[in-house]
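Engineer: Here it is, the structure in full.
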Ligand SMILES: Nc1nc2c(c(=O)[nH]1)N[C@H]1C(S)=C(S)[C@@H](COP(=O)(O)OP(=O)(O)OC[C@H]3O[C@@H](n4cnc5c(=O)[nH]c(N)nc54)[C@H](O)[C@@H]3O)O[C@H]1N2
Ligand SMILES: Nc1nc2c(c(=O)[nH]1)N[C@H]1C(S)=C(S)[C@@H](COP(=O)(O)OP(=O)(O)OC[C@H]3O[C@@H](n4cnc5c(=O)[nH]c(N)nc54)[C@H](O)[C@@H]3O)O[C@H]1N2
Ligand code: SF4
Ligand SMILES: [Mo]
């Protein structure tokens, strides 16, 4: 067994535990504290001059796209003060830090020692300054030249019996240009094993929307949000995860939209917003966001939406022709009669019980919505990470279709995407199940036959590595070990590999639980200037609303030993194919315009890419649903019929959702606080309903272990502090990634294969230590 097999896949028994301070949860987001916290994070990571330079270009027309979330920037005017939020500033602080880690850092700390640190301290070690290599049976990473790193990777890839033994992962920060080349390299190499973070994220949205509306993306623009009569926000915490969405919601409220929040928690940002860009906000004033708050049980959304649909049918019977859009339903949709029959057969009391919202409250909301025709439904991980996610999202589409609320201004679907270019990576073809047209276009342009056989997604990849069928792992960004489910199982899977490679900016746990050999390839972040052959390049990204924009960093890279992701793919391809290639790899990284020229040839919607991406606000990709056409199998928008179901939770069990604190970006921990939820200096907490605490003979701040049984295996996450919180009974919440150990690998969503990170059945017991 090699040395690296002892390293810790997660912090099982935290050493420092705990300096927690608990206060009342906030009832508003942003405001003055947000401005102060932004400044604090920036100044802790760099000097004021670099900090000012970094923030000054964030989300501006000629600057760089925020490395945080995928929320869009306004098309027209951008704020003269700051077109970013607190968490955008934190993302920049994290990336643009002047702390660097060189070979002396790795010489000083063994991989095992580093793996004992918590994620916060691993990340805070700094930016990786040069390529590093962990030899077989090695205890410490050693420096390696770029050339030797590429040679080693190429040797391993070329020695595999089949290209399908290699696994390529992508996290959603990768630019369009790098993503396009990366998929081209992987397909020329011969596999479709392209797992990506989307598999754990909005995959269910894409599946549901493709089936029902014929396009796997949302339909709305920012303007639509301003014009909507009603916005329903389900399973999303914008105050933390898409903070500038609050500015759009504020605008919607000023235009009299009603906003309905559907969430098991009373999230601060869904209640009130202190706009730091308004005079009133700077004086501490706030505006109300949600007009109605439905504190639904975890996974109760489908039942709730079916109940609303049933009330709409009742109201339509009382007000014929006024509640439903019959013209739209008749002309544009398919399957309405079956849907109607199904909904009318449902028992309202049973639906109300299932979702945990009193019938009177559901009826009141349905009533307020009944004459509204411009409705937008927004959602995120609270809908996508359950077993029945695809069906739940289709239920949201049913509501939209009943109202004809799509293909017109102020109405439509809004899956709010996570990583800043996760949508673009998919558009560029990073997909384990490529469509025929895409492969045909690749073949036409490059004159090789790309593989047709579907590849592995994230969960398939873990299983393949666990079985020894996946032998080389290559991650373009991300933190595969910590982001994926069933941490111990995934650690075993990665350790089975001959080689694990990560293209990364910062150190993370995936560098510490490795295959027999491991390589870290350090790369530029969004804020870094990218010069190739003396000419500054730019990249482009696609935001959550399908706008493609250019992004050009303005900071001098802190180390001369970094390569861009584009250059890394080109050099790797050169080494792997050693001349036997149809692609002129070494031309691309010298001039990114050439990559965009080829993207334009392969992917529809990118006509005149180089010209249009240079326009101030970029350009919109075509979107059929936005135009009111639905290229589905029936050529209509499809209603769907689903039985509302929820996981069976026994008396002694709780249904756990694993969520983000206000101080993290996925597995990157910015800090130990969750300001809006009143938590300071601790992440190992479990938010529980008071009655559930009492029933178990527990009290506030008791230390508990969380555990469950699945496939005859006990999974345990130790030492969590009990926090009484406003959450429906039998539901609880913890932070990801600390509790990913409890998400069983086999617990995945139907159709999308997404781990069910928001529906984890657990029990709690007092911690014995
Ligand atoms: N600052 C910051 N920004 C981020 C990220 C980050 O980690 N930090 N991550 C980025 C990424 S990749 C993504 S995908 C997005 C994630 O953005 P979100 O989806 O907002 O993130 P989560 O914290 O997972 O929150 C899910 C929300 O859904 C609620 N919820 C959980 N289960 C249910 C349910 O069954 N029904 C309903 N109705 N609600 C439920 C939770 O209470 C919580 O409010 O954010 C992106 N932006
Ligand atoms: N239990 C549970 N698990 C979840 C979720 C959940 O809600 N609950 N959410 C899921 C979701 S929605 C997602 S999207 C995934 C996220 O999964 P990932 O995308 O794999 O994880 P991140 O934490 O975003 O990746 C962070 C790492 O990316 C690297 N990085 C940052 N910027 C760059 C860059 O510009 N280039 C390169 N090459 N590397 C960079 C850094 O080294 C950093 O350590 O996690 C999923 N896992
Ligand atoms: S809303 Fe998202 S993209 Fe915009 S500044 Fe904040 S983190 Fe960055
Ligand atoms: Mo995500």
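The values are calculated or read from the model by the stated rules, or taken from the named source; none is laboratory data. The shown structure was predicted, so the numbers you read here are calculated from the model rather than taken from an experiment. Cβ atoms come from the backbone with ideal geometry, glycine included; neighbour counts cover every protein chain shown.
Engineer: State all residues of the stretch 666-694 that are closer than 23 Å to residue 27 by Cα, within 16 Å of ligand 2 (Cβ to nearest atom) and in contact with a helix residue (DSSP H, G or I) (Cβ under 6 Å, 6 or more places away or on another chain); if no residue qualifies, say none.
Structural biologist: 670
Engineer: If I ask for residues that are out of contact with any strand residue (DSSP E or B) (no Cβ under 9 Å at 6 or more places or on another chain) and without any contact (Cβ under 8 Å) to a residue 60 or more places away in the chain, which ones from the stretch 634-667 would you list?
Structural biologist: 643, 651
Engineer: Scan the stretch 56-87 for residues that are assigned to a helix (DSSP H, G or I), more than 16 Å from ligand 4 (Cβ to nearest atom) and surrounded by 22 or more Cβ atoms within 10 Å (Cβ to Cβ) and report the count.
Structural biologist: Qualifying residue count, the stretch 56-87: 1.
Engineer: Further question: On the basis of being within 15 Å of ligand 1 (Cβ to nearest atom), more than 25 Å from residue 632 (Cα to Cα) and either at pLDDT 95 or above or in contact with a helix residue (DSSP H, G or I) (Cβ under 6 Å, 6 or more places away or on another chain) (or both), does residue 199 make the cut?
Structural biologist: no
Engineer: Turning to a different aspect of this structure: Among (1) touching a residue at least 12 places away in the same chain (Cβ under 8 Å); (2) surrounded by fewer than 16 Cβ atoms within 10 Å (Cβ to Cβ); (3) under 30 Å from the mean Cα position of the chain (by Cα); (4) part of a loop (DSSP other than H, G, I, E, B), where does residue 629 come up short?
Structural biologist: Here residue 629 clears every test but (2).
Engineer: Taking residue 211 as the residue in question, decide whether it is in contact with a strand residue (DSSP E or B) (Cβ under 9 Å, 6 or more places away or on another chain), away from ligand 1 (no atom under 16 Å from the Cβ) and either at pLDDT 95 or above or assigned by TED's automatic domain parsing to the domain that holds residue 451 (or both).
Structural biologist: In short, yes.
Engineer: Taking the conditions exactly as written (surrounded by fewer than 19 Cβ atoms within 10 Å (Cβ to Cβ), within 16 Å of ligand 4 (Cβ to nearest atom) and at pLDDT 95 or above), does residue 753 satisfy them or not?
Structural biologist: yes
Engineer: Looking at the stretch 237-254, can you tell me whether even one residue there is within 30 Å of residue 668 (Cα to Cα), modelled with pLDDT of 95 or more, away from ligand 3 (no atom under 15 Å from the Cβ) and part of a loop (DSSP other than H, G, I, E, B)?
Structural biologist: no
Engineer: For the stretch 264-280: of the residues being in contact (Cβ under 8 Å) with a residue 12 or more places away in the chain and surrounded by fewer than 22 Cβ atoms within 10 Å (Cβ to Cβ), which is nearest to the chain's Cα centre (by Cα)?
Structural biologist: By that ranking, first place goes to 266.
Engineer: When only residues in the stretch 561-581 that are closer than 29 Å to residue 551 by Cα and not in a helix (DSSP H, G or I) count, which is farthest from the chain's Cα centre (by Cα)?
Structural biologist: That would be 561.
Engineer: If residue 683 meets every condition in (1) within 19 Å of residue 740 (Cα to Cα); (2) surrounded by fewer than 17 Cβ atoms within 10 Å (Cβ to Cβ) apart from one, which number is that one?
Structural biologist: Failed condition: (2).
For every residue, the table says whether it meets (1) within 25 Å of residue 537 (Cα to Cα); (2) under 23 Å from the mean Cα position of the chain (by Cα); (3) not assigned by TED's automatic domain parsing to the domain that holds residue 502.
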site	(1), (2), (3)
46	yes, no, yes
57	yes, no, yes
67	yes, yes, yes
118	no, yes, no
127	yes, yes, no
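Engineer: Also: Sort out which residues of the stretch 708-743 are assigned to a strand (DSSP E or B), within 16 Å of ligand 2 (Cβ to nearest atom) and in contact with a strand residue (DSSP E or B) (Cβ under 6 Å, 6 or more places away or on another chain), and write them in order of number.
Structural biologist: Of everything in the stretch 708-743, those that are assigned to a strand (DSSP E or B), within 16 Å of ligand 2 (Cβ to nearest atom) and in contact with a strand residue (DSSP E or B) (Cβ under 6 Å, 6 or more places away or on another chain) turn out to be 708, 715, 716, 717, 720, 731, 732, 733, 734.
Engineer: Helices (runs of 4 or more DSSP H) wholly in the stretch 339-451 with at least 1 residues that are more than 24 Å from the chain's Cα centre (by Cα) and either away from ligand 3 (no atom under 16 Å from the Cβ) or closer than 22 Å to residue 643 by Cβ (or both) - which ones?
Structural biologist: Of the helices (runs of 4 or more DSSP H) lying wholly inside the stretch 339-451, those with at least 1 residues that are more than 24 Å from the chain's Cα centre (by Cα) and either away from ligand 3 (no atom under 16 Å from the Cβ) or closer than 22 Å to residue 643 by Cβ (or both) span 348-355, 359-369, 389-402, 436-446.
Engineer: Residues that are assigned to a strand (DSSP E or B), within 16 Å of ligand 3 (Cβ to nearest atom) and touching a residue at least 24 places away in the same chain (Cβ under 8 Å): does the stretch 469-477 have at least one?
Structural biologist: no
Engineer: Which one is modelled with the lowest pLDDT among residues in the stretch 1-32 that are surrounded by 17 or more Cβ atoms within 10 Å (Cβ to Cβ) and more than 29 Å from residue 110 (Cα to Cα)?
Structural biologist: Once the filter is applied, the top-ranked residue is 31.
Engineer: Output the helices (runs of 4 or more DSSP H) that fall wholly within the stretch 272-338 and possess 1 or more residues being within 14 Å of residue 28 (Cα to Cα) and away from ligand 4 (no atom under 16 Å from the Cβ), or say none.
Structural biologist: Answer list for the stretch 272-338: 279-282.
Engineer: Scan the stretch 109-154 for residues that are within 30 Å of residue 682 (Cβ to Cβ) and in a loop (DSSP other than H, G, I, E, B) and report the count.
Structural biologist: 7
Engineer: While we're here: Of all residues being in contact with a helix residue (DSSP H, G or I) (Cβ under 7 Å, 6 or more places away or on another chain) and over 27 Å from residue 444 (Cβ atoms) in the stretch 159-173, which is surrounded by the most Cβ atoms within 10 Å (Cβ to Cβ)? Just the residue, please.
Structural biologist: Residue satisfying both the conditions and the ranking: 167.
Engineer: Then there's this: Hey, can you tell me all the residues within the stretch 522-549 that are away from ligand 3 (no atom under 16 Å from the Cβ) and within 23 Å of the chain's Cα centre (by Cα)?
Structural biologist: Listed by number, the residues that qualify are 522, 523, 524, 528.
Engineer: Mind counting the residues in the stretch 174-191 that are buried (at least 24 other Cβ atoms within 10 Å of the Cβ) and in contact with a helix residue (DSSP H, G or I) (Cβ under 8 Å, 6 or more places away or on another chain)?
Structural biologist: 11
Engineer: Of all the residues that make up the stretch 634-665, how many are crowded, with 20+ Cβ neighbours inside 10 Å and at positive phi?
Structural biologist: Summing the residues that are crowded, with 20+ Cβ neighbours inside 10 Å and at positive phi in the stretch 634-665 gives 0.
Engineer: Additional query: Looking at 758, 746, can you tell me which residue is closer than 14 Å to residue 489 by Cβ and touching a strand residue (DSSP E or B) at 6+ places or on another chain (Cβ under 9 Å)?
Structural biologist: Only one candidate qualifies: 746.
Here is a yes/no grid of residues against (1) crowded, with 21+ Cβ neighbours inside 10 Å; (2) outside the structural domain of residue 546 (by TED's automatic domain parsing); (3) within 16 Å of ligand 1 (Cβ to nearest atom):
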residue: 382; (1), (2), (3): yes, yes, yes
residue: 393; (1), (2), (3): yes, yes, yes
residue: 404; (1), (2), (3): yes, yes, no
residue: 409; (1), (2), (3): no, yes, no
residue: 422; (1), (2), (3): yes, yes, yes
residue: 435; (1), (2), (3): no, no, no
residue: 444; (1), (2), (3): no, no, no
residue: 453; (1), (2), (3): no, no, no
residue: 468; (1), (2), (3): no, no, no
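Engineer: Would you confirm, using the coordinates I've provided, whether residue 592 is touching a residue at least 24 places away in the same chain (Cβ under 8 Å), more than 23 Å from residue 59 (Cβ to Cβ) and either assigned by TED's automatic domain parsing to the domain that holds residue 127 or more than 16 Å from ligand 1 (Cβ to nearest atom) (or both)?
Structural biologist: no
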